[in-house]
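The values are calculated or read from the model by the stated rules, or taken from the named source; none is laboratory data. In this text, all values refer to a predicted model and were calculated from it rather than measured experimentally. With ideal geometry, Cβ positions are generated from the backbone for all residues, glycine too; neighbour counts draw on all protein chains shown. Ligands, DNA and RNA are excluded from the accessible area calculation, which covers all protein heavy atoms including side chains. Shrake-Rupley method; radii C 1.70, N 1.55, O 1.52, S 1.80 Å.
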Amino acid sequence: SDYQAIDPTFGTLEDVDELVAAAHRRGIRLVMDMVVNHTSDQHPWFIDSQKPNSAHADWYVWSDKQGAGNWHRLGSRLYYGAFGSDFPDLNLSAPSVTAAIDDIARFWVADVGVDGFRIDAAKYLIEDPSATENTPGTKVWLRDFRANVEKAAPGALLIGEVWDPSPVSSAYVPDALDMTFEFGLSTAYIGAVKTGQAQGLAGSFAKITSLYPPVGGFGAFLTNHDMDRVASQLAGDPAELRLAASLLLTGPGVPFVYYGEELGMTGQKPDERIRTPMRWDTSGPAAGFSGHTPWEALSADPAALNVATEAADPGSLWSSYRDLIALRGAHPALSEGAYVPVTSDAAGVVAAIRSAPSETALVVANVSDTPADAGLTLAAGPLCGTPAASVVLGGDEGAATASGPTVTAAGGFSGYRPLTIPARSVVVIDLAP
């Protein structure tokens, strides 16, 4: 109901200023959720829009007749609200509305200093007579919005929520958005961990990386605030949770970790139970989340499942996430390398070359319950010379493998067996020229 204020429940604008400054001092950038498709029905714009001749009369989508989609009656007229009557859709085709949204975005990036936006419901912004999702008008609007944000804060990030198959979500990148969240890959990650079969994940990797720009372009994740938590989907199995984390943090795209995943927090629908307080320690009344009784009860997890306890345990899931994130940051091949699929002759193994200008690595994941001695083949790739192979994750880390691959004239290799890959694990091998 107010795009330039903070709900008093959560604090003040001064608190946000302090948060942004503290994050920036630590080299952390802050990306903020922004809802532009709709407002609250309590927003002053919508209240004024109900008067036919008001200054905001055309700021929402009104009709005298019931049309296709989610229309809601108010008096003698109807208004469009894709997500319900509480959330009337803005009429982003009106220049005055777009100007207001541009000004709000400028406020947050230029005045407050946030570093970009996650655009909620990005595929719904502009409806036309034949479609309410993914219209050409939506992509044009986002392209222009992105240009205005870039003017206000060069380098600001725009990532969109486009919950659709990969060919649809990738069509927004790079012209309309910097990135979109890749929902298909989320499903493929968890499916591979559950089944122990790699073919589906290998196919998803190959398709997705062919659709998006070779570096970045999509946000990779396991679950988000609209899904049952990964720990619940995997029944809290420690080996499966570590494998899922390893796949995400050695895989392509830009990884996003939903809070609590690094602890193994559980939660299943309804939404309130997948958005429970973060567990920081064992203190009452809310595990360090608050000194007061929280808005929602804690997750139904053991008291030892918290940041303080797991951070002190080098064998915890939290420590695994910490180590994987550090590994990704230390190796350009993982953090910014292009993804080149590698064929495996083992049903439970998926592999790829990750190649950056300064480094090349081979990533081999065994999602099965048994160790795998897979033969790996790359028809053509970026390799040259006689690379030396050393393990940087999994197996005997820091040790050289028996030998690197024999590189073909096309920059690939055939039938390469680097080492036995332990069950439910990922191995990363640096291939130094």
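With R₀ fixed at 35 Å, the C-beta to C-beta distance from ARG29 to ALA423 puts the FRET efficiency at about 0.40. Computed from label points 7 Å out along Cα-Cβ, the spacing between THR406 and LYS269 is 5.4 nm. Each of the peptides 410-420, 331-341 was scored by the mean count of other Cβ atoms within 10 Å over its residues; in descending order, highest first, they stand as 331-341, 410-420.
Short-range pairs are left out: with C-alpha atoms under 8 Å and at least six residues apart, the relative contact order of the chain is 9 percent. A straight Cα-to-Cα reach below 19 Å connects LYS139 with the lysines LYS123, LYS151, residues fewer than 8 places away in its own chain not being considered.
When only Cα pairs below 8 angstrom with a gap of at least 6 residues are kept, region 100-250 shows a relative contact order of 18 percent. Rolling a 1.4 Å probe over the protein heavy atoms gives the chain an accessible area of 44 Å² per residue. Taking 0.36 nm per residue of separation and subtracting the Cα-Cα distance, full extension of the segment from VAL257 to ASP64 would add 65.0 nm.
Extension gain, SER40-ALA300: 0.36 nm per intervening residue step, less the Cα-Cα distance, totals 90.4 nm. Projected onto its three principal axes, the C-alpha set of the chain covers 78, 54, 40 Å, listed from the longest axis down. Heavy-atom accessible area, probed at 1.4 angstrom with all protein chains present, ranks THR187, THR250 as THR187, THR250, highest first.
For region 135-226, the carbon plus sulfur part of the accessible surface works out to 61%, probe radius 1.4 Å. The listed residues ARG424, ARG242 rank as ARG242, ARG424 when sorted by accessible area, largest first, using a 1.4 Å probe. Just the protein heavy atoms count here, and of the accessible area of region 229-296 at 1.4 Å, carbon and sulfur take up 55 percent.
The angle between the Cα long axis of helix 95-106 and the main principal axis of the chain comes to about 50°, on a 0 to 90 degree scale. Think of it as helices only: each DSSP H run of n ≥ 4 in the chain is worth -39500 (n - 2.57), and spread over all residues that comes to -8000 deg cm²/dmol at 222 nm.
Rounded to the nearest 10 degrees, the angle from helix 183-195 to the longest Cα principal axis of the chain is 40 degrees. Centre-to-centre, using Cα atoms only, region 251-304 and region 44-120 are separated by 33 Å. For helix 317-330, what angle does its Cα long axis make with the longest principal axis of the chain, in degrees from 0 to 90 and rounded to 10? Between the helix axis and the principal axis of the chain, the angle is about 80 degrees. Once the Cα-Cα distance is subtracted from the 0.36 nm per residue extended length, the ARG77 to THR386 segment shows a gain of 103.9 nm.
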